[in-house]
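J.: After the structure tokens below, expect a handful of questions from me.
Please treat every number below as a calculation from the coordinates, not as lab data. The structure displayed is predicted, hence computed values, not measured ones. Don't worry about glycine lacking a Cβ; one is built from the backbone with ideal geometry, like all the others, and counts go over all protein chains shown.
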Amino acid sequence: MATVYVNDQPVDIGNEKLNCVQAAEKAGVLIPHYCYHPALSVVASCRMCLVEVGEKKPDGTISMMPKVVPGCQTPVKDGTVIVTRSDKAKDAQERTLESLLLNHPLDCPVCDKAGECTLQDYSFGFGKAESRMHDEKKTPPNKPDLGPNIDLFTDRCIMCSRCVRFTREISGTSELYITHRGDHSEIAVFPGDPLDNKLSTNVVDLCPVGALASKDFLYKQRVWNLKTVDSVCPGCSTGCSIHIDGNKGVIHRLRPRANPKAQGHFMCDEGRLGYHYANSADRLREPSIRGPHGWTPVGYREAVQTAQQGFNEHSLRSITGVWAVLSPFMTVEEAYLLALWIRDFGKEARLVLGPVPREGEDDHYPKDCRGNAAPGVPKFTIRAEKCPNRIGVEAILKHFTGTVIGFDAFLTALGKGHVKSAFLAGGYLPTGRGHWFPAEAVPLLEQVNMLVVQEIFTSALSQKAHVVFPSATWAEKEGTFLNHQGLAQEIHWNSAPPGESRTDGQVYLDLLGRTGLMRAHQLRREIAQVIPSLSQLSTGHLGTEGVLPGEAPPVQSPKRKIPVS
Amino acid sequence: MAINTKDVTWVEPPQLGLLDQLYLPAIVGGMATALKHLLETVTGTGPDATQQYPEEKPKLPPHYRGLHRLNRDEKGRVKCVACFMCSTACPAHCIDIVAAPSPWNDREKYPETFVIDELRCIYCGMCEQACPVDAIELTSIFDLTGLSREQMIFDKEKLLSVYDETVRRGTDPVRTHSGKLGPASEPGEAGLTESSSAQS
């Protein structure tokens, strides 16, 4: 057991190998830092984390080093003494900030980072109020073409080199480098080799100032207007922990949320920029029913009743003709409720797993110089399975049907005319890869007597349905996703579903005839009791990092702020 | 929170003397004032108390807080840099801005739309205090009328036309900031280093 003294406060660091910044963080003390990032190598170039470090000898005497040292580069051991706010350390921090601000343009009013900028925060917390600089500031030209998603405001850069190290160590693509020397230094790309790797937008989050900006978010919102909720990216089975930043019911950006159990600190550009469909004005907004005179939009209650009546009637005629297709984009709770409703009609009602979208092979990072995955443990993986919750839906299906029946079984039965009533559950992301339901099978749906479809947008599939429920996106519902290794993570809603639509879970609750609102944590407790393989949901709370299979879940989740639009 | 009794100072009314207790001098003084005003009115020598509005417009002080205007820079473009400080400071939430990359080389950001709901506004002047580039100001135009709610929602063009109108009339409001403006206002100019030393 090793004890470190941070500003006279003893901290037990166990057997961990930490540096001063990390050890101080354990004590709840912030050592300001720019170039240090836990996922990147240490360069100690920004000099912001200068602190006084010494050692407490076994006889109780303390000997300090005669000068301040960079905290990020100084490892701690048993008896290390760190002093972060001595006159010497304060003086060093003040001077470092003054130096960093020499050429910084202070155009905070037009800078997108303002409000979450560590240069602002540290200037307030650790800096001096005035600068002794009399010369003109350098104003190197901006580089809007740094990459397809990235804009560089060259004059705001403080040369922490986090972005350069990211492209060298995490993505392995090495597009960025520092050109020139001293105060002429600039971040640059080689001609004809823009910053366009699949992880490139992470450099925007890494940038401690507003030098690197995301073109997608540029000038959309000021960050203090955004409401943040914790969620999980639905783009692939890696299940990256994310923040959804929205305002007034509109998603403005997704940011990775550091989670060592899921993906680490980063996320891919496809996931990050893949939210725009949720803001679309073309989404289905109200349930509708197809009658003899065509489509009529109806109230939510009427749609639920029509679906209930239809399934009741047809299940009495032929219980083996009742089918439900559960999509791997559903949350665990939704899959459970839908399976429960379908199985209410009889044991022979069929439950199948919808098509699992796959694209290519798992994409491991870092890359080597030829663009292949470098040897060693990958630091980030974009998975080929482009859905967030196949494992979770399969666990539900296994409980109800004993085995997971694939989508082919449904298509075969459809071809033979055995499908009499069908429920096609929603949540599939609209992507450029075409619609999830095979186009050649769509005409076969004519013979289904009762077809209920949940869709986000109108499609050939929804045109064949008898009842259409508008589906909610993942940013509008509560629930649980299980990623590729079975890590159960909570997702939370950022905005209400549009128009007359309800969340998918609420639709199933109402179909089941249960009263009340869909409460994910209560359903998690119920599911864990019914399905032993999902015992990790037993307390109903999964914490911020999620729970792996076999792990004990936390008793209470941290209080969550409900976004106010 | 209750007031601490030791912070309370009791003030007694002044004692009246013999003359004050008679009240006669006060009555005579009051009558004299009334008589003076009567004579002034009858002879027409006193100041006019009534203004003949609307034929005669009042002359308001230049710091009066009336209708907003959006200022133009020296090239005639909107001076606003779309920093959202005004809409953040606004207690009535009446300012709505959509920002975009500016079409000009010397500026990075500009307001694509800038809308003030003049019916919602409480004319507190927080927006002009918050503005780092003195782009929004309250003018002394107070007689704001409209036939519909839509007419009272002022967009960027309308607010710029208020600027043109006040400049033509010569009724510019007083500047809210003293000294130089922030660097976001005057990029690349010589004044930048002097002002930035005060700001950094």
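J.: Relative to 2.2 N^0.38 Å, what does the C-alpha radius of gyration of segment A:224-378 come to as a ratio? Two decimals please.
T.: Values: Rg = 21.2 Å, N = 155, 2.2 N^0.38 = 15.0 Å.
My calculation over the Cα atoms of segment A:224-378 gives 1.42.
J.: What's the Cα-based Rg to Rh of segment A:1-67, Rh via Kirkwood?
T.: When Rh is taken as the Kirkwood radius, the ratio is 0.97.
J.: Let me ask you something else. Provide the net charge surrounding A:Arg285, with neighbours chosen by a C-beta distance below 13 Å and charges set as Lys +1, Arg +1, Asp -1, Glu -1.
T.: Overall, the nearby charge balance is -3.
J.: So if I restrict to the alpha-carbon atoms in chain A, what is the Rg, and what is Dmax, the biggest pairwise distance, in Å?
T.: 27.4, 93
J.: With r as the distance between the Cβ atoms of B:Lys36 and A:Lys128 and R0 = 56 Å, compute the FRET efficiency 1/(1 + (r/R0)^6) and round to 0.05.
T.: 0.30
J.: Sticking with this one: I need the Debye-formula profile for chain B: one equal scatterer per C-alpha, no solvent, reported as log10 I(q)/I(0) at q = 0.16 1/Å, two decimals.
T.: -1.03
J.: Another question, if that's okay. Averaged over A:122-129, how many beta carbons belonging to a partner chain fall within 10 Å of each residue's beta carbon?
T.: Mean shielding by partner chains, rounded to a whole number: 1.
J.: Right, next: Which aspartates and glutamates, on any chain, are close to A:Lys57 with Cα under 13 Å apart, when same-chain ones fewer than 8 places away are left out?
T.: Excluding near neighbours in sequence, the set is A:Asp78.
J.: Using 5 Å bins from zero, what percent of all Cα-Cα pairs in segment A:81-217 falls into each bin?
T.: 2, 10, 19, 21, 18, 14, 9, 5, 2, 0
J.: Let me ask another. For chain A, what is the mean residue ellipticity at 222 nm derived from helices alone (per DSSP H run of n ≥ 4: -39500 (n - 2.57); sum divided by total residues; nearest 500 deg cm²/dmol)?
T.: So the calculated ellipticity at 222 nm is -6500 deg cm²/dmol.
J.: To the nearest Å, what is the center-to-center distance of segment A:1-77 and segment A:512-534, using C-alpha atoms only?
T.: 46
J.: In addition: Would you order A:Phe153, A:Phe166, B:Phe142 from fewest to most other beta-carbon atoms within 10 Å of each residue's own beta-carbon?
T.: Fewest-to-most ranking of A:Phe153, A:Phe166, B:Phe142: B:Phe142, A:Phe153, A:Phe166.
J.: Quick one: compute a quarter of the convex hull surface over the Cα atoms of segment A:1-158 and quote it in nm².
T.: Working: hull surface 45.1 nm².
In nm², the orientation-averaged hull projection of segment A:1-158 is 11.3.
J.: A follow-up question, please. Mind checking segment A:481-565 for trypsin sites (Lys or Arg not before Pro) that DSSP puts in a loop (not H, G, I, E or B) and that have at most 16 other Cβ atoms within 10 Å? Could you put the intermediate results ahead of the total?
T.: Working: sites: A:Arg502, A:Arg514, A:Arg519, A:Arg524, A:Arg525, A:Lys559, A:Arg560, A:Lys561; in loops: A:Arg502, A:Arg514, A:Arg519, A:Lys559, A:Arg560, A:Lys561.
Within segment A:481-565, the qualifying trypsin sites (Lys or Arg not before Pro) (loop, at most 16 other Cβ atoms within 10 Å) are A:Arg514, A:Arg519, A:Lys559, A:Arg560, A:Lys561.
J.: For A:Lys261, give me every one of the aspartates and glutamates with a C-alpha distance below 16 angstrom, ignoring sequence neighbours fewer than eight places off in its own chain.
T.: Partners found: A:Asp230, A:Glu490, A:Glu545, A:Glu551.
J.: Which whole number gives the average, over all residues in B:104-110, of C-beta atoms from other chains lying within 10 Å of the residue C-beta?
T.: Details: counts 0, 1, 0, 1, 10, 7, 2.
Mean number of neighbouring Cβ atoms from other chains: 3.
J.: Let me ask you something else. For segment B:94-130 and segment B:9-72, what is the separation of their C-alpha centers, rounded to whole Å?
T.: Cα centroid to Cα centroid, the span is 41 Å.
J.: Taking 2.2 N^0.38 Å as the expected size of a compact globular protein, what ratio does the Cα radius of gyration of segment B:1-59 give against it, to two decimals?
T.: Compactness ratio reported: 2.15.
J.: For segment B:1-109, which trypsin sites (Lys or Arg not before Pro) pass both filters: DSSP loop (anything but H, G, I, E, B) and at most 14 other C-beta atoms within 10 Å?
T.: Filter output for segment B:1-109: B:Lys59, B:Lys75.
J.: State, to one decimal in nm, how far the label point of B:Asp134 lies from the label point of A:Ser63, with both points 7 Å from Cα in the Cβ direction.
T.: If labels sit at B:Asp134 and A:Ser63, their model points lie 6.2 nm apart.
J.: So, one more: If you count the DSSP beta bridges with both ends in the protein assembly as shown, what percent of them are antiparallel, to the nearest 5? Intermediate values should be presented prior to the final figure.
T.: On the way: 65 of 83 bridges.
Rounded to the nearest five, the antiparallel share is 80 percent.
J.: Label B:Arg168 and B:His63 with points 7 Å out from Cα along Cα→Cβ: what is the distance between them in nm?
T.: Each label point is offset 7 Å from its Cα along the Cβ direction, giving 2.9 nm.
J.: Please state, rounded to one decimal and in Å, the Kirkwood hydrodynamic radius that segment B:68-174 gives when every pair of distinct Cα atoms enters the mean of 1/r.
T.: Result for segment B:68-174, one decimal place: 14.1 Å.
J.: Here is a further query. If a helix is a whole DSSP H run, which ones in chain B reach 24 Å or further along their own axis (Cα) and hold a mean Kyte-Doolittle hydropathy of at least 0.5?
T.: Those that clear 24 Å and a mean of 0.5 are B:24-43.
J.: Applying a 10 Å radius around every beta-carbon, put A:130-138, A:187-195, A:376-384 in order of their mean neighbour count, most first.
T.: A:376-384, A:187-195, A:130-138
J.: Right, something else. Quick one: net charge of A:Ala2's neighbours, Cβ under 14 Å, K/R +1, D/E -1?
T.: Around A:Ala2, the charge tally is 0.
J.: Show me A:275-287, A:345-357 ranked by packing, highest mean number of other Cβ atoms within 10 Å first.
T.: Descending mean neighbour count gives A:345-357, A:275-287.
J.: Now, a different point. Go through A:Lys17/A:Lys67; A:Lys113/A:Lys220; A:Lys88/A:Lys128; A:Lys220/A:Lys386; A:Lys416/A:Lys464; A:Lys90/A:Lys128 and tell me which ones have a Cα-Cα distance over 20 Å in this structure.
T.: Correct reply: A:Lys17/A:Lys67; A:Lys220/A:Lys386.
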